[in-house]
Amino acid sequence: QLSEAQMNVRKLMEQERIERQKRQMSELQAEDSLEDAKTQLLQIEADGRANKEKIEEEIKKSVTTLQEAENAFQILKEDLTSIEDQAELKLTEAEMSEKEAENDLTRLKELFAAKITSQKQLEDGVNAYNRARLECSYAKESFDKIKIKNAQDLLAAMLKVEECKEMLENARI
């Protein structure tokens with residue numbers, strides 16, 4: 001019985017030793033896993049910071065681009081308004097010149113009918129009136145083209161501003 005008891009004690013001690021080794025192996029594996037997890041966490045944090053910095057940089061660029069587009073839009077708007085105002089002024093001047101030439105021609109016709117002016121003066125008046133009409137027509141055409149082009153340019157600039165706003169919103173998401 002003593003032998004059997006000693007053998008059982010040896011078996012238990014052997015099992016205890018094996019269990020201790022298993023626990024040590026498990027602890028070592030757990031420590032390795034913990035170290036791996038810490039390394040992964042550090043990598044994830046570094047990647048997160050890099051992504052955050054990248055996103056913040058994209059947002060800054062988008063804000064700058066939007067501000068530049070809005071400034072360009074405002075400058076374009078002012079420039080186009082000035083160009084349109086100048087074209088409208090030229091048109092008004094041309095219309096006034098046409099009206100003046102028409103009045104001169106009417107007066108010359110009356111004077112010619114009364115035999116006070118010559119045929120040459122009447123022809124000069126007709127030519128001046130025709131020239132004034134052509135200039136007025138050209139000024140009207142130019143004014144209309146400028147208005148159409150300005151509207152197209154403003155629309156394009158407005159679309160650019162909207163595109164920049166979308167880029168900014170996408171960068172913030």
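The values are calculated or read from the model by the stated rules, or taken from the named source; none is laboratory data. What you see is a predicted model; the values in this text were computed from it and never measured. Positions of Cβ are backbone-derived with ideal geometry, glycine not excepted, and every protein chain shown enters the neighbour counts. All accessible areas refer to the heavy atoms of the entire protein, side chains included, with ligands and DNA or RNA removed. Shrake-Rupley method; radii C 1.70, N 1.55, O 1.52, S 1.80 Å.
Quick notes on this structure:
- Verdict on Ser142 being open to solvent by less than 60 Å² (accessible area, probe 1.4 Å), over 30 Å from Lys61 (Cβ atoms) and either of a type outside the set (D, E, K, R) or without any contact (Cβ under 8 Å) to a residue 12 or more places away in the chain (or both): yes
- Some residue of the stretch 43-57 being in contact (Cβ under 8 Å) with a residue 24 or more places away in the chain and over 30 Å from Arg133 (Cα atoms): yes
- Subset tally (residues that are of a type outside the set (Ser, Thr, Tyr) and closer than 28 Å to Ile146 by Cβ) for the stretch 68-124: 31
- Qualifying residue in the stretch 150-167 (condition: in contact (Cβ under 8 Å) with a residue 12 or more places away in the chain, part of a helix (DSSP H, G or I), open to solvent by 100 Å² or more (accessible area, probe 1.4 Å) and of a type outside the set (S, T, N, Q)): no
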